[in-house]
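Report on the structure given below.
The values are calculated or read from the model by the stated rules, or taken from the named source; none is laboratory data. Please read these numbers as outputs of a predicted model, since none were measured by experiment. In this analysis, Cβ positions are derived from the backbone assuming ideal geometry, glycine residues included, and neighbour counts consider all displayed protein chains. These area figures cover heavy atoms from the full protein model, side chains too; ligands, DNA and RNA do not enter into them. Shrake-Rupley method; radii C 1.70, N 1.55, O 1.52, S 1.80 Å.
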Amino acid sequence: MKKYMMAGVAGILAGTLISTQFAGPLLAQEAEKSSNVYEQLDLFGDVFERIRAQYVEEVDAEELVEAAIDGMLSSLDPHSSYLSPKDAEDMRVQTSGSFGGLGIEVTQEEGFVKVVAPMDGTPADIAGIEAGDFITGVDGQSVLGMTLDETVEMMRGPVGSEIIITVVREGVEEPFDVSIIRDTIKLTAVRSRVEDHAIVLRVTTFNDQTYPNLESGLKEGIEELGGIDNVDGIIVDLRNNPGGLLDQAIKVSDAFLDEGEIVSTRGRSPEESTRVNATAGDLAEGKPIVVLINGGSASASEIVSGALQDHHRAVVVGTKSFGKGSVQTVMPLRSDGAMRLTTARYYTPSGRSIQALGISPDIVVQQPPRQPVTEETEDTPTFRSEADLRGALDNDSLTEDERVKIEEERAAAEEAAKLRDEDFQLAYAIDLLKGLSKIGN
């Protein structure tokens with residue numbers, strides 16, 4: 001009995017000794033880390049006080065603290081930042097669909113301000129700003145070395161005022177200036193129209209209006225074509241769409257999916273991960289879908305295109321998307337300000353990370369540059385057909401109604417072909433839907 005007791009005591013002592021050997025250094029490391037953090041905070045306090053007391057001009061203490069917070073956040077990644085009370089209010093207004101500005105989504109890439117996408121019909125879009133442009137100056141002042149928020153602040157101004165932006169564009173040798181008149185940006189989240197027998201849903205942004213606009217636009221298109229049976233398919237145009245609200249991206253994806261995962265997010269710890277699944281119901285009733293994307297399609301646009309692509313619900317056409325696959329959480333702070341912090345990454349249903357890679361289209365279709373119209377353009381040669389020959393036999397297998405219908409279909413095809421000169425990618429998508437509908441029939 002004594003031997004067992006001695007063995008037990010020895011085991012306890014050994015366990016205590018081992019625990020102390022392992023836990024002791026760990027505790028010491030944690031204590032050292034905490035000590036270093038407090039030392040750094042003391043250093044910050046010293047610098048702050050010296051600036052207040054000795055800087056050549058008097059400074060605002062609150063602005064200094066805000067600048068320090070913003071610097072701390074912006075050092076993490078291009079999308080984390082501090083929002084002053086005014087900036088936080090502007091962001092809330094933007095997500096509701098109406099705000100003042102130029103109408104461009106920008107990010108920071110290796111110290112340069114890069115245009116993610118101009119928004120349809122906005123001053124920047126009308127002035128010719130393109131996705132992928134780099135902004136190097138505002139009103140003659142260089143923005144190199146500035147933070148993204150500082151550059152955005154420089155571009156803000158009263159509605160109706162002029163701003164001169166210096167742009168560097170790939171393929172153009174020299175930087176050039178673009179004049180833009182600031183205006184109130186009123187975004188229509190989804191514009192719908194009928195092209196041939198396809199319904200085109202042009203999604204410009206993901207705000208509170210996106211899903212309601214998409215649902216009503218799709219319904220109007222079906223009614224215009226005389227019912228779902230007359231619809232070849234749906235084109236969801238996400239080109240130059242910089243993203244927006246996650247919940248709207250989920251709703252748009254769910255609109256065309258009956259089941260399965262839409263998107264997952266993975267944070268720093270496993271318990272922060274989330275998965276969102278589709279609910280039953282397909283607004284397109286199984287009709288073919290083509291999604292159009294390009295380098296200006298980002299964030300929420302990539303969630304939608306990735307979900308529909310992974311479930312083989314849509315053919316994705318265009319060029320590789322922007323590759324913004326991170327989740328920003330807006331956290332309210334004191335004094336009505338807010339902090340925008342990257343807290344997770346997006347993943348498509350197949351487990352692909354969107355971050356930095358983007359969505360690759362199933363069919364790569366480049367948008368050719370528009371060719372200038374010249375007066376010397378030669379007329380398209382015309383060819384004679386059998387029907388033009390003297391004494392040609394009539395086609396006796398068709399009724400007059402059938403003949404008229406064929407002529408109408410031919411005229412519609414020729415009209416659709418004209419779209420190729422205006423928007424080659426969209427025309428390709430319409431042709432693809434027409435082919436898919438024929439196979440389905």
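The table that follows gives values for the structure above.
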read-out: Accessible-area value, HIS79, 1.4 Å probe, nucleic acids and ligands omitted, Å²; value: 40
read-out: Å² per residue, accessible surface of the stretch 99-213 at 1.4 Å; value: 46
read-out: Area accessible to solvent at MET154, 1.4 Å probe radius, in Å²; value: 50
read-out: Exposure of GLU272 as accessible area (Å², to 10), given a probe of 1.4 Å and all protein chains; value: 90
read-out: Value of relative contact order over the stretch 86-185, rounded to a whole percent, pairs C-alpha under 8 Å and six or more apart; value: 29
read-out: Pairwise label distance in nanometres, ARG52 with THR107, each label 7 Å out on the Cα-Cβ vector; value: 3.9
read-out: Around ASP60: net Lys/Arg minus Asp/Glu count, Cβ-Cβ under 13 Å; value: -4
read-out: Cα centroid separation - the stretch 163-182 against the stretch 183-248, whole Å; value: 31
read-out: Label-point separation, SER161 to ILE126 (7 Å along Cα→Cβ), nm; value: 1.9
read-out: Sparse-neighbour loop sites [trypsin sites (Lys or Arg not before Pro); the stretch 217-295; at most 15 other C-beta within 10 Å; DSSP]; value: ARG268
read-out: Sum of side-chain charges, ASN277 neighbourhood, beta-carbon under 12 Å (Lys, Arg +1; Asp, Glu -1); value: -3
read-out: Point-to-point label distance, ARG92-GLN355, nm (Cα→Cβ direction, 7 Å offset); value: 3.0
read-out: Gyration tensor verdict on the stretch 173-331 (Cα atoms; rounded if a/c is under 1.5, prolate if a/b is larger than b/c, oblate otherwise); value: oblate
read-out: DSSP bridge pairs, the stretch 217-360: antiparallel proportion in percent, nearest 5; value: 65
read-out: Charge context of SER81, other residues only, Cβ under 10 angstrom, K/R +1, D/E -1; value: -3
read-out: Solvent exposure ordering (accessible area, 1.4 Å, most first) of GLU150, GLU58, GLU63, GLU302; value: GLU58, GLU63, GLU150, GLU302
read-out: Of LYS219/LYS320; LYS405/LYS438; LYS86/LYS219, those spanning more than 27 Å from alpha-carbon to alpha-carbon; value: LYS219/LYS320; LYS86/LYS219
